[in-house]
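Participant: Below you'll find the structure I mean.
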Amino acid sequence: MHTDTYLFVVCARRNASSIFGAASNPVMRNGKLLCFKTEAGARAERDRLTARLGEAHVRYSVRPVHVQLKPPHEAAKVEAAPPSRAMPMPEAA
């Protein structure tokens, strides 16, 4: 059984007059992709980011990303290895 869904990603687009040059990249926050389950949530965050800008070198947009979730296969399940034990440290002389 496959589950198809969409996530909505906030992207930043810099124009050529930016000191870093033209580019388009997804927005990362705390090392994670800034995405939302609903388009309304993504648009609200886009509007919030746009409102705090003083210059027009960066524009934010929302892109839908198709995600297909697959359940794990039964054969892929592997028994967990027993926990390893720490070795005692030798006493410093």
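Participant: Which condition from (1) of a type in the set (D, E, K, R); (2) surrounded by 10 or more Cβ atoms within 10 Å (Cβ to Cβ); (3) modelled with pLDDT under 80 is the one that Arg85 breaks?
Facilitator: In the conditions (1) of a type in the set (D, E, K, R); (2) surrounded by 10 or more Cβ atoms within 10 Å (Cβ to Cβ); (3) modelled with pLDDT under 80, Arg85 misses (2) alone.
Participant: Still on this model: Kindly evaluate Arg43 against the criterion of being under 19 Å from the mean Cα position of the chain (by Cα) and either free of Cβ contacts under 8 Å to residues at least 12 places away in the same chain or under 30 Å from Val67 (Cα atoms) (or both).
Facilitator: In short, yes.
Participant: Can you name the residue in the range 24-67 that is out of contact with any Leu (no Cβ under 7 Å at 6 or more places or on another chain), part of a strand (DSSP E or B) and among the hydroxyl-bearing types (Ser, Thr, Tyr) and is also surrounded by the most Cβ atoms within 10 Å (Cβ to Cβ) among such residues?
Facilitator: My answer is Ser61.
Participant: Just to check your reading of the model, which residue among Val27, Val67 is modelled with pLDDT of 90 or more and under 15 Å from the mean Cα position of the chain (by Cα)?
Facilitator: Among Val27, Val67, only Val27 is modelled with pLDDT of 90 or more and under 15 Å from the mean Cα position of the chain (by Cα).
Participant: Is there any pair linking a residue in the range 13-32 that is within 17 Å of Ser61 (Cβ to Cβ) and without any contact (Cβ under 8 Å) to a residue 12 or more places away in the chain to one that is in a strand (DSSP E or B) and of a type in the set (Lys, Arg), with Cβ under 7 Å and at least six apart or on different chains, and which?
Facilitator: Correct list of pairs: Ala22/Arg14; Ala23/Arg14.
The values are calculated or read from the model by the stated rules, or taken from the named source; none is laboratory data. Because the structure is a prediction, the values reported are computed rather than measured. FYI the Cβ positions are ideal-geometry reconstructions off the backbone, even for glycines, and counts take in every protein chain you see.
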